[in-house]
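S.K.: First the structure, which I've put down as structure tokens, then a few questions once you've had a look.
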Amino acid sequence: MAPENGFFQEVLTNLENANKHLNLPAAIYERLRTPRRSLIVSVPVQLDNGTVSFFTGYRVQYDFARGPAKGGIRYHPKVNLDEITALAALMTWKCGVVDLPFGGAKGGVACDPTIMSRDEIKRLTRRYTYEIGIIIGPESDIPAPDVYTDEQVMAWMMDTYSMMKGHSVPGVVTGKPVSIGGSQGRSRATSSGLVTTIMEALKHLGMSVEGLTVSVLGFGKVGFHAAKILSDAGAKVIGVADSKGAIYNPQGLDIDDVAMHKAKIDTVQGYREADNLTVDELISIDSDVLIPAALEGQIHSGNAGRVKAKIIAEGANNPLTIEANSIITEKGIFIIPDILANAGGVVVSYFEWVQDLQRFFWNEEEVDARLNTIMKKAFHEVLSISNEKKIDMRTAAMVLGVKRVAEAVAVRGLYP
Ligand code: GLU
């Protein structure tokens with residue numbers, strides 16, 4: 001379900017809430033409400049049956065005051081300019097929250113990758129990369145994976161861009177395979193970072209991971225790794241959902257086994273050691289932590305009232321609509337907001353980019369340790385703002401991220 005009031009409008013409302021505590025000068029505030037550069041491209045692709053289909057692709061560079069624009073590429077039938085603009089704005093604040101020298105961007109193609117062959121996806125990726133090739137690059141804008149794009153898609157993007165330039169440019173995308181300049185630990189980085197913020201929240205709330213009950217909405221890369229890391233740490237993942245439905249076992253699920261089941265039949269449903277539920281039923285189940293890890297607007301005014309979790313950790317971007325956010329905040333549920341909770345992905349993307357530029361690679365321990373340090377620091381910075389200003393965690397994260405971007409915009413001044 002799309003956010004009720006338009007996705008970008010929701011992002012602007014959150015910005016407005018943050019500005020009540022920042023009181024930015026009017027011109028800076030207006031700058032931050034406006035995307036810097038939006039490119040819409042037509043992407044012709046020859047399908048396997050010989051016909052040519054035209055897809056619409058987007059790349060929005062929301063802001064790059066602090067450094068190159070940064071953000072993922074998604075392939076999904078619902079991709080549109082409003083969504084990509086909203087996600088690009090979220091990337092801008094997210095890079096601010098974890099203090100990376102990046103601005104924010106997002107891209108995507110409106111297509112249904114679930115009904116396309118790998119070859120069709122490859123041709124789509126290559127042509128889309130060529131079309132946005134005029135604005136991306138290691139110094140200007142660096143794409144990464146997002147919904148329904150993966151390491152292989154990044155490899156095709158890197159290859160296409162490199163062919164255009166006549167030499168290898170590994171730093172043009174992150175989330176690549178390690179063999180062409182990817183970073184150790186990138187594929188589970190969003191989930192590792194998410195779990196770090198959950199662990200800090202548990203300490204803050206006087207709770208323990210041992211026996212903690214967890215439900216995960218979305219069993220893609222972020223949801224799977226989060227479930228796996230948490231169950232390895234002693235939590236009980238009692239429910240998971242994907243786009244087709246949910247499963248539930250109060251004794252806890254074997255995450256690797258569920259993943260094997262899903263790999264066979266393309267859904268978690270029907271897993272033999274669990275009951276089938278609808279996604280809304282799983283949302284209503286009593287669990288300590290709820291991790292929405294699929295698309296925006298998963299929790300909305302229609303189901304937010306039923307959420308019973310003590311903590312919501314937002315693996316997805318904007319999984320709660322504005323209405324859901326109010327309902328859930330009202331209930332006193334502790335929210336770890338998206339621009340903090342899922343920032344681990346872009347943090348390790350930053351590490352990957354740095355390694356590519358230096359042609360000097362780190363081991364997994366170094367990546368994990370540095371990621372952990374950044375995520376803990378960001379969590380506590382947001383928590384302090386929330387305590388000092390007596391505001392919810394989302395507004396506090398916005399205050400931190402937006403403030404950093406606003407400072408860069410202000411100190412650079414208006415050109416000419
Ligand atoms: N798509 C991820 C996100 O929404 C990662 C972006 C990146 O690494 O640039 O944060």
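S.K.: Using Cβ counts within 10 Å as a stand-in for footprinting exposure, how do Met398, Met157, Met393, Met207 rank, fewest first?
M.R.: Fewest-to-most ranking of Met398, Met157, Met393, Met207: Met207, Met393, Met157, Met398.
S.K.: Report, by chain and number, residues whose modeled amide H sits under 5 Å from the one on Ala316, excluding near sequence neighbours (fewer than 5 apart, same chain).
M.R.: Close amide H contacts, sequence-distant or interchain: Ala293, Ala294.
S.K.: What is the set of long-range amide H partners of Gly71 at a cut-off below 5 Å, with H atoms built 1.01 Å from backbone N?
M.R.: Ala105, Ile142, Ala144
S.K.: Also: How large, in Å, is the stretch 77-180 by the Kirkwood hydrodynamic radius built from its alpha-carbon pairs?
M.R.: 14.3 Å
S.K.: How high is the FRET efficiency between Ile115 and Glu388 when r is their beta carbon distance and R₀ equals 51 Å, given to the nearest 0.05?
M.R.: That gives a FRET efficiency of 0.50.
S.K.: Could you calculate the FRET efficiency of Met260 with Lys376 from 1/(1 + (r/R0)^6), where r is the beta carbon distance between them and R0 is 25 Å, rounded to 0.05?
M.R.: Result of the calculation: an efficiency of 0.15.
S.K.: Given Cβ point charges of +1 (Lys, Arg) and -1 (Asp, Glu) and nothing else, what value in debye, to the nearest 20, does the dipole of the chain about its Cα centre take?
M.R.: 980 debye
S.K.: Going down the list Lys228/Lys331; Lys78/Lys331; Lys203/Lys390; Lys176/Lys236, which pairs span over 25 Å between their C-alpha atoms?
M.R.: Lys228/Lys331; Lys78/Lys331; Lys176/Lys236
S.K.: Now for a separate question. Compare the peptides 257-267, 126-136 by average per-residue count of other Cβ atoms within 10 angstrom and give them in order, highest first.
M.R.: With the highest mean Cβ count within 10 Å placed first, the list reads 126-136, 257-267.
S.K.: Which value, in debye to the nearest 20, gives the size of the charge dipole of the stretch 55-201 about its Cα centre, when Lys and Arg are +1 and Asp and Glu are -1 at the Cβ?
M.R.: Result for the stretch 55-201 is approximately 220 debye, rounded to the nearest 20.
S.K.: What shape does the stretch 256-412 take by its C-alpha gyration tensor, where a ≥ b ≥ c are the square roots of the eigenvalues and a/c under 1.5 counts as rounded, a/b above b/c as prolate, and the rest as oblate?
M.R.: Oblate is the answer for the stretch 256-412, as a/c is 1.5 or above yet b/c matches or exceeds a/b.
S.K.: For the stretch 276-315 and the stretch 370-403, what is the centre-to-centre distance using only Cα atoms, to the nearest Å?
M.R.: If you average the Cα positions of each part, the centres end up 23 Å apart.
S.K.: When only Cα pairs under 8 Å and 6 or more residues apart are kept, what is the percent relative contact order across the stretch 285-416?
M.R.: 19 percent
S.K.: Let me ask another. Take every Cα pair under 8 Å in the stretch 127-257 that's 6+ residues apart, average their separations, divide by the length, and report that relative contact order as a whole percent.
M.R.: Dividing the mean separation by the residue count of the stretch 127-257 yields 16 percent.
S.K.: Still on this structure: Translational D (Stokes-Einstein, µm²/s) of the stretch 242-341 at 10 °C and 1.306 mPa s when Rh comes from the Kirkwood sum over C-alpha pairs?
M.R.: Estimated via Stokes-Einstein, D reaches 113 µm²/s.
S.K.: Apply the Karplus parameterisation 6.51 cos²θ - 1.76 cosθ + 1.60, with θ equal to phi minus 60°, to every residue of the stretch 397-412 and state each ³J(HN,Hα) to the nearest whole Hz, in sequence, with x for glycine and proline.
M.R.: 5, 4, 4, 5, x, 5, 4, 5, 5, 4, 4, 5, 4, 5, 6, 6
S.K.: Points 7 angstrom from Cα along the Cβ direction at Arg306 and Glu210: gap in nanometres?
M.R.: 3.4 nm
S.K.: Residue by residue, what Karplus-based ³J(HN,Hα) values in Hz, rounded to whole numbers, does the stretch 342-356 have, using 6.51, -1.76 and 1.60 with θ = phi - 60° and x for Gly and Pro?
M.R.: Karplus-based 3J(HN,Hα) across the stretch 342-356 equals 9, 6, x, x, 6, 5, 6, 4, 4, 4, 4, 4, 4, 5, 5 Hz.
S.K.: Further question on the same structure: Using the Karplus curve 6.51 cos²θ - 1.76 cosθ + 1.60 with θ = phi - 60°, work out ³J(HN,Hα) for each residue of the stretch 276-287 in order, rounded to whole Hz, and write x for Gly and Pro.
M.R.: Per residue, the Karplus-derived 3J(HN,Hα) values read 7, 9, 7, 4, 5, 5, 5, 4, 7, 6, 5, 9 Hz.
S.K.: Gap in Å between the Cα centre of the stretch 164-237 and the Cα centre of the stretch 99-160?
M.R.: 20 Å
S.K.: Let me ask something else about it. Quick one: what does P(r) look like for the chain with 10 Å bins over all Cα pairs, in whole %?
M.R.: Per 10 Å bin, starting at zero, the Cα-Cα P(r) for the chain comes out as 5, 23, 34, 27, 10, 1, 0 percent.
S.K.: Over 23 Å between C-alpha atoms is what I'm after, so list which of Lys106/Lys264; Lys262/Lys310; Lys122/Lys221; Lys94/Lys308 land there.
M.R.: Table pairs above 23 Å Cα-Cα are Lys106/Lys264; Lys262/Lys310; Lys94/Lys308.
S.K.: Residues with amide H under 5 Å of Lys308's amide H, sequence separation 5 or more or different chain, H placed in the peptide plane at 1.01 Å from N; which?
M.R.: Amide H neighbours of Lys308: Ser287.
S.K.: Students often forget the sequence filter, so: which aspartates and glutamates lie under 13 Å Cα-Cα from Lys389 once same-chain residues fewer than 8 apart are removed?
M.R.: Reachable aspartates and glutamates: Glu381.
S.K.: Do you know the relative contact order of the chain, to the nearest whole percent, from alpha carbon pairs under 8 angstrom that are 6+ apart?
M.R.: Relative contact order here is 18 percent.
S.K.: Something else about it: Would you mind ranking His76, His167 so that the residue whose beta carbon has the fewest other beta carbons within 10 Å leads the list?
M.R.: Exposure proxy ranking, most exposed first: His167, His76.
S.K.: Arranged by the count of other C-beta atoms within 10 angstrom, fewest first, what order do Leu32, Leu340 take?
M.R.: Leu32, Leu340
S.K.: Using only C-alpha positions, report the orientation-averaged shadow area of the convex hull of the stretch 157-280, nm², one decimal.
M.R.: 9.7 nm²
S.K.: Quick one: P(r) of the stretch 1-158 from all Cα-Cα pairs, 5 Å bins, percents rounded to integers, in order of increasing distance.
M.R.: Distribution as computed: 2, 9, 18, 21, 19, 13, 9, 5, 3, 1, 0, 0 percent.
No lab work stands behind these numbers, since they all come straight from the coordinates. Everything numeric in this text was worked out from a predicted model, so none of it was measured. All Cβ positions, even for glycine, are placed from backbone atoms using ideal geometry, and neighbour counts span all protein chains on display.
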